[in-house]
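Everything on this sheet refers to the single structure shown next.
Nothing in this text is a laboratory measurement; each read-out follows from the coordinates by a stated rule. These numbers come from a predicted model, not from an experiment. A quick note on method: Cβ atoms are made from the backbone with ideal geometry, for glycine too, and the neighbour counts reach across all protein chains shown.
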Amino acid sequence: MDCLFCKIFQGQIPSKKVYEDENVFAFEDIHPLAKTHILFIHKKHTTNVNGLSTIHVGQVFTAIKNWTSGQKIEKEGFRVVTNTGPDAGQTVFHAHFHVLGGEKLGGFGK
Ligand code: 5GP
Ligand code: ZN
């Protein structure tokens, strides 16, 4: 599978891993948009979030809960973003969830 994020979670391309369980892998974004910018991916390859089942999405959000739990970011707050398709500016076509925080975030939208 010629997919950047599949290669990352399989260890074929290096990344700064912060979390892994049976289904989910998380690593630092290479171009951080906030002091903390982590990408959470499900190990099942799908182009975007619409390819994930409710169970998959639940597994990703459970991983986010597990990773943030007990950390400063849990108390201070964070944002979860998933870009889908051209209008949202999606650039990597393996579904992923940006977790942003570590500082006060600006507004979002257009
Ligand atoms: P998107 O724009 O599709 O929502 O998000 C893709 C994200 O993947 C971007 O924030 C980008 O910085 C990140 N990214 C792209 N290539 C790599 C890479 O090789 N390693 C890591 N860690 N992040 C990457
Ligand atoms: Zn993939």
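So the values come out like this:
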quantity	calculated
Qualifying residue in the range 86-106 (condition: farther than 19 Å from Cys6 by Cα and aromatic (Phe, Trp, Tyr))	no
Residues of the range 33-88 satisfying the condition of being among the small types (Gly, Ala, Ser) and either farther than 21 Å from Ser15 by Cβ or not in a loop (DSSP other than H, G, I, E, B) (or both)	Gly51, Ser53, Gly58, Ala63, Ser69, Gly70, Gly77, Gly85, Ala88
Members of the range 66-89 that are within 19 Å of Glu28 (Cβ to Cβ) and either basic (Lys, Arg) or within 16 Å of ligand 2 (Cβ to nearest atom) (or both)	Lys72, Arg79, Thr82, Asn83
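Yes/no per residue for (1) surrounded by 15 or more Cβ atoms within 10 Å (Cβ to Cβ); (2) in contact (Cβ under 8 Å) with a residue 40 or more places away in the chain:
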position: Lys7; (1), (2): yes, no
position: Ser15; (1), (2): yes, no
position: Val18; (1), (2): yes, yes
position: Ala26; (1), (2): yes, yes
position: Thr54; (1), (2): no, no
position: Thr68; (1), (2): yes, no
position: Phe78; (1), (2): yes, yes
position: Val81; (1), (2): no, no
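Residue-wise test of (1) of a type in the set (S, T, N, Q); (2) away from ligand 1 (no atom under 14 Å from the Cβ); (3) more than 23 Å from Phe78 (Cα to Cα).
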site: Val24; (1), (2), (3): no, yes, no
site: Glu28; (1), (2), (3): no, no, no
site: Pro32; (1), (2), (3): no, no, no
site: Lys35; (1), (2), (3): no, yes, no
site: Phe40; (1), (2), (3): no, no, no
site: Thr47; (1), (2), (3): yes, no, yes
site: Phe61; (1), (2), (3): no, yes, no
